[in-house]
Ligand code: SF4
């Protein structure tokens with residue numbers, strides 16, 4: 001009855017980002033180009049899984065020399081790339097008196113009942129990095145290798161955490177009343193925790209059914225560029241991305257641009273193109289940075305692309321400010337004039353009032369300054 005089962009969280013989320021990329025992956029079965037950061041992510045997950053399984057076998061809570069051996073065995077010449085994650089992995093402690101499961105593969109049929117991961121009946125399925133039950137709580141730990149640490153709000157809106165609760169729910173004893181999902185951002189040594197009541201699993205079922213309905217009724221599978229294009233394995237074959245990449249190839253894009261935008265449809269297309277250009281710019285910038293670091297500057301049209309140093313001096317601490325003020329006063333500068341040197345901004349006033357427990361003065365304090373409103377033309381997250 002469903003055309004494209006089984007559905008994983010990443011399969012649903014890819015469709016939400018870009019139906020065209022989804023079509024290439026799941027209908028045309030075209031292998032995506034793997035982004036190096038995704039490969040590194042898989043390696044980190046593998047190493048953690050092997051490490052935890054080895055600790056379980058040895059009944060040890062942690063063992064750094066064992067971890068180093070595992071890294072040497074699995075990472076080979078990529079060991080340096082693992083350095084940003086190492087302190088988080090080393091801080092892992094296998095709690096005694098729990099029975100954790102590592103990298104478990106779970107699948108549910110269309111009635112949301114457990115079935116075999118490889119079964120034709122599998123409607124949804126997924127892998128959980130690490131999970132255990134303690135008293136009335138099912139704890140789920142997800143190792144994250146992201147460069148960027150998302151804010152709390154983004155995490156709360158993300159359905160991935162809830163997807164885990166759906167998969168685990170049928171396997172849990174009745175006394176479990178809640179889930180605690182810990183997203184462990186290994187690069188940043190930061191853990192974001194979410195508590196999710198067990199009785200909210202029904203909402204996840206409804207969410208999945210509505211997503212699946214959209215996917216199964218889709219006909220156009222159009223590309224919808226966004227921030228995610230930089231990680232897209234189909235960037236090289238995407239029509240939108242190709243037209244934007246034209247200047248990097250042969251045809252100058254600028255000649256294809258209209259004199260003026262004449263319709264909302266055209267505006268949407270160009271806004272999408274702008275997103276891709278941003279991604280391409282970042283990618284090209286990083287490639288050139290690596291090249292210049294290794295081979296030296298690149299010169300074009302009388303300009304040199306290189307690491308140009310610029311010096312900034314800041315007076316952050318009261319001692320630094322006092323030392324500068326004392327020097328100036330000693331040399332005949334009027335005290336009143338020195339204030340101008342230490343300009344005060346809104347952020348500084350806000351944090352000062354917060355620190356002094358004087359937040360109630362914020363409005364009055366800001367009214368003493370001169371307010372200017374600047375407009376920035378940029379992308380912002382829509383609700
Ligand atoms: S590059 Fe962007 S728009 Fe093109 S297929 Fe990938 S995600 Fe979609």
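Values quoted throughout were computed directly from the atomic coordinates according to the rules given, and no laboratory measurement underlies them. On a predicted model such as this, the values are computed, not experimentally measured, just so you know. Positions of Cβ are generated from backbone atoms using ideal geometry, with glycine treated the same way; all protein chains shown enter the neighbour counts.
Remarks
- Cα-based helix-to-principal-axis angle, 264-295 vs the chain, degrees rounded to 10: 80 degrees
- Quarter of Cα convex hull surface for the chain, i.e. mean projection, nm²: 29.9 nm²
- The fraction of all Cα pairs in the stretch 306-381 landing in successive 10 Å bins from 0 to the largest distance is 13, 29, 34, 19, 5, 0, given as whole percents.
- With a simple spin-label model that places each label point 7 Å from the Cα along the Cα-to-Cβ direction, the separation between residue 174 and residue 74 comes to 3.9 nm.
- Separation between Cα centres of the stretch 181-227 and the stretch 8-30, rounded to whole Å: 14 Å
- Contact order normalised by residue count of the chain, Cα under 8 Å, 6+ apart, percent: 13 percent
- Cα shape, the stretch 1-143, gyration tensor, a/c 1.5 rule: oblate
- Helix axis angle, 318-330 relative to the chain longest principal axis, alpha carbon, degrees: 10 degrees
- Considering only beta bridges that DSSP places wholly inside the chain, some 75 percent are antiparallel.
- Against the chain, whose longest principal axis comes from its Cα atoms, helix 346-355 is set at around 70 degrees.
- Each helix, a run of at least 4 DSSP H residues, gives -39500 (n - 2.57); summed and divided by the residues of the chain, these come to -13000 deg cm²/dmol at 222 nm.
- Residue 153/residue 363 FRET efficiency (R0 22 Å; Cβ-Cβ; nearest 0.05): 0.35
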